[in-house]
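Q: Below is the structure I would like to discuss, written out as structure tokens.
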Amino acid sequence: MAATADAQRTPLTSFETIALMLRDLPDVASDWDALSVDERLAWSLDWGNEMSKLGDLGSKAATGRLSMSDHERYHHLVTTLAEALPIIDRLGLRRPSVLVQA
Amino acid sequence: MGRQLSSVDHLILQAAAGTRSLAEEELRHVVELVARVGFDPLAHEQARGRIAGLRWRGRILAAKDPLPPADKHYLWHVLANGEWPDGTSLDDYLDSIRRVILDPTTGIFTNRYQGEWSLGFLRESRDLEGPGSRGWLLVQYRVSRGHWTTAFQPFQGLSEISQPGWSDIRWLRRPTHSERP
């Protein structure tokens, strides 16, 4: 859920921004051919940036640096991303490094 | 490609192809033009779910609301991701991009991203570093469109341009690293 742009707002966590991009993925995919080149490029870059964050979370998960609740959130993200791989590949988006071998 | 390329765009493409090394004056001319063009003021993109719910220009944004690219990038990178310091306005964001493009310590490179030729700028974030920044600021100017594609502070920092999707990187000027205390 996106936060309100108040003057004192706190930036979203990586979990939140990754989830937001992932939630938009089906909608973006259905509109992909109609998007401008700039919008496709910018969205791809933003997606790649979120996948970099996921990789960082993966490193933390692997070394026991995530809380139990964060570990569950991470696992949920990875599971959802694995299911979305056909869309990710079709759009030529950056694969999450944690699933590169999938 | 519907737009007629400018002389600056041709210089960029020649530099990208390695068929021409830009003289200092030519590079300055390229940089000054790119700094001026900004995001496309005539384009509109859907806010989509990741921006929906934010209060912007007096209303709560809905996913289908159209936004100029400048607004959308600001909302996502500055407000949602905190890549710029707290309190950074849209004008501050845009001015900061121009400053980075014009800064002589900024690295400048040509590249392809998903096959599209661009001119890229990479500089340390310095006073533009927000809580979500990893210390580097990246700008992309797409040649065939003649406007900025994006400006953000990548999670991978300088290593972003080594990630999948990026290709044909050719440095026209390497970034200058600040001396660390």
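Q: Charges on Cβ only, +1 for Lys and Arg, -1 for Asp and Glu, centred on the Cα centroid of chain B; of B:Leu119, B:Ala80, B:Gly49, which one is farthest towards the dipole's positive end?
A: Going by the charge dipole, the pick is B:Gly49.
Q: Another question about this same structure. Can you give the relative contact order of region B:7-173 as a percent, counting alpha carbon pairs under 8 Å and 6+ residues apart?
A: Details: 288 pairs, mean separation 36.9, N = 167.
Averaging sequence separation for qualifying contacts and normalising by length gives 22 percent for region B:7-173.
Q: DSSP loop trypsin sites (Lys or Arg not before Pro) in region B:49-93 with at most 15 other Cβ atoms within 10 Å of their Cβ, which ones? Please list the in-between numbers first.
A: Working: sites: B:Arg50, B:Arg55, B:Arg57, B:Arg59, B:Lys64, B:Lys72; in loops: B:Arg50, B:Arg57, B:Lys64.
Of the trypsin sites (Lys or Arg not before Pro), the ones in loops of region B:49-93 whose Cβ has at most 15 other Cβ atoms within 10 Å are B:Arg57, B:Lys64.
Q: Then there's this: Using a Förster distance of 41 angstrom, determine the FRET efficiency expected from the C-beta separation of B:Leu42 and B:Arg126, and round it to 0.05.
A: For R0 = 41 Å, the calculated efficiency reads 0.80.
Q: Same structure, new question: Once the mean 1/r over all distinct Cα pairs of the protein assembly as shown is inverted, what Kirkwood radius in angstroms do you read off?
A: Values: mean 1/r = 0.0514 Å⁻¹.
19.5 Å is the Kirkwood radius here.
Q: For region B:104-118, list residues with backbone N below 14 Å from a point placed 7 Å from the Cα of B:Arg20 toward its Cβ?
A: none
Q: At each listed q (0.11, 0.18, 0.19 Å⁻¹), what is the log10 of I(q)/I(0) that the Debye formula gives for region B:1-81 modelled as equal alpha-carbon point scatterers?
A: Results for region B:1-81 at q = 0.11, 0.18, 0.19 Å⁻¹ read -0.48, -0.80, -0.83.
Q: Where in region A:14-29 does the amide nitrogen come within less than 12 Å of the point 7 Å from the Cα of B:Ile60, taken along Cα to Cβ?
A: none
Q: On to the next question. Which three numbers, in whole Å and largest first, are the semi-axes of the equivalent ellipsoid of chain B derived from its Cα gyration tensor as √(5λ)?
A: 27, 20, 14
Q: Oh, and also: Can you pull the mean other chain C-beta count within 10 Å for peptide B:73-83?
A: For peptide B:73-83, the averaged partner shielding equals 5.
Q: Under a crude label model (7 Å from the Cα following the beta-carbon direction), how far is B:Arg112 from A:Leu85 in nanometres?
A: Placing both labels 7 Å beyond Cα along the Cβ direction yields 2.6 nm.
Throughout, read-outs are computed from the coordinates displayed, never taken from laboratory work. Values in this document were obtained by computation on a predicted structure and should not be read as measured data. Methodologically, a virtual Cβ is constructed for each residue, glycine included, from the backbone with ideal geometry; neighbour enumeration extends over all protein chains shown.
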